[in-house]
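Working notes for the structure below.
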Amino acid sequence: MTALPLDPKDGGGRFPGFDAQGQSQHWDRVTQGVVLARLGRPTDLRFFTVAEEATARALFDQLLDQRHEPRVPVVNMVDARLAEDQTDGWHYEDMEPDPAAWRSTLAELDAEARERHERPFAELSWEEQSLLLTDIQAAEKWRGRPASRVWSLWTRYACTAFYSHPLAWDEIGFAGPAYPRGYKNLGLNAREPFEVADARPAQDPAEHNAKSGTGRRR
């Protein structure tokens with residue numbers, strides 16, 4: 001899903017020279033405070049236990065393909081949401097509320113890993129973790145739950161956290177909130193002066209899907 005870590009200063013291979021943080025002077029002060037705080041020291045964990053943290057950290061690394069530093073501290077960001085009960089405001093009827101669902105599904109993920117490999121999920125190799133998660137994603141039911149519901153829980157929280165972080169914005173060439181500056185160059189491929197061209201447009205999955213006839217078109 002992602003290709004962190006970045007550098008070429010700092011937009012990685014796709015948006016070289018792009019730096020979302022450098023655009024912060026164009027955000028309002030409240031937004032500056034909220035977004036730039038995400039670049040500081042990650043908050044201490046308040047929701048996950050030590051064992052749950054290890055499992056969640058390995059899970060998020062797999063879901064987001066975060067193998068090396070710098071990483072977006074997704075586990076800390078999700079932990080803060082759950083500790084403060086900042087859920088999506090709904091949950092599936094056949095699943096527990098999100099905080100309880102996180103505890104139970106992480107426990108089940110560890111249990112599955114122990115049954116298969118006699119080790120907790122966090123201690124499996126990258127390939128073992130990946131295969132286990134692939135099996136869960138492909139299943140109709142997983143340990144008594146609809147597998148799609150579990151997958152939705154994990155990926156919703158992972159992606160919400162990841163794509164709220166400036167490092168992820170660097171990777172996708174996103175300059176941050178449009179307010180109050182706004183945009184003046186509207187239209188396909190009409191970039192703003194502060195935007196950087198995609199150095200690898202052929203790798204755009206949306207473009208690939210459109211050409212191959214897969215995926216949704218808007």
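The values are calculated or read from the model by the stated rules, or taken from the named source; none is laboratory data. All values reported here derive from a predicted model rather than from experimental measurement. Every residue, glycine as well, gets a Cβ built from its backbone with ideal geometry; the counts of neighbours run over all protein chains shown. The accessibility values were calculated without ligands, DNA or RNA, using every heavy atom of the protein model including side chains. Shrake-Rupley method; radii C 1.70, N 1.55, O 1.52, S 1.80 Å.
Structure above, values below:
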{"quantity": "Estimated vicinal HN-Hα couplings, Hz - region 56-69 in sequence order (Karplus 6.51, -1.76, 1.60; Gly, Pro = x)", "calculated": "5, 4, 5, 4, 5, 4, 5, 4, 10, 6, 8, 9, 9, 7"}
{"quantity": "Ranked packing of 190-200, 18-28, most packed first, by mean Cβ within 10 Å", "calculated": "18-28, 190-200"}
{"quantity": "Region 14-143 - convex hull of the alpha-carbon atoms, volume per residue in Å³", "calculated": "155 Å³"}
{"quantity": "Ranked by how many other beta carbons lie within 10 Å on average, peptides 75-88, 153-166 from highest", "calculated": "153-166, 75-88"}
{"quantity": "Candidates 41, 57, 71: whichever shows maximal mean-square fluctuation once the chain is modelled as a Gaussian network with Cα springs under 10 Å", "calculated": "41"}
{"quantity": "Net charge contributed by nearby residues that have their C-beta within less than 11 Å of residue 45 (K/R +1, D/E -1)", "calculated": "-2"}
{"quantity": "Paramagnetic reach from residue 195 in region 139-173 [backbone N under 12 Å; point 7 Å along Cα→Cβ]", "calculated": "173"}
{"quantity": "Accessible area (Å², per residue) of region 89-181, counting only protein heavy atoms and a probe of 1.4 Å", "calculated": "49 Å²"}
{"quantity": "Inverse mean reciprocal Cα-Cα distance (Kirkwood Rh) of the chain, Å", "calculated": "19.3 Å"}
{"quantity": "Degrees, to the nearest 10: 126-138 long Cα axis against longest axis of the chain", "calculated": "80 degrees"}
{"quantity": "P(r) histogram, all alpha-carbon pairs of region 88-211 included - 5 Å bins from 0, percent", "calculated": "2, 8, 13, 15, 14, 13, 11, 10, 9, 4, 1, 0"}
{"quantity": "Using alpha-carbon coordinates, inclination of helix 74-83 to the longest axis of the chain, degrees", "calculated": "70 degrees"}
{"quantity": "Between 0 and 90°, nearest 10: helix 147-162 axis offset from the chain longest Cα axis", "calculated": "40 degrees"}
{"quantity": "Cβ-defined net charge surrounding residue 145, 11 Å radius [Lys, Arg +1; Asp, Glu -1]", "calculated": "-1"}
{"quantity": "Within the chain, helix-based [θ] at 222 nm, where runs of 4 or more DSSP H residues each add -39,500 (n - 2.57), nearest 500", "calculated": "-14000 deg cm²/dmol"}
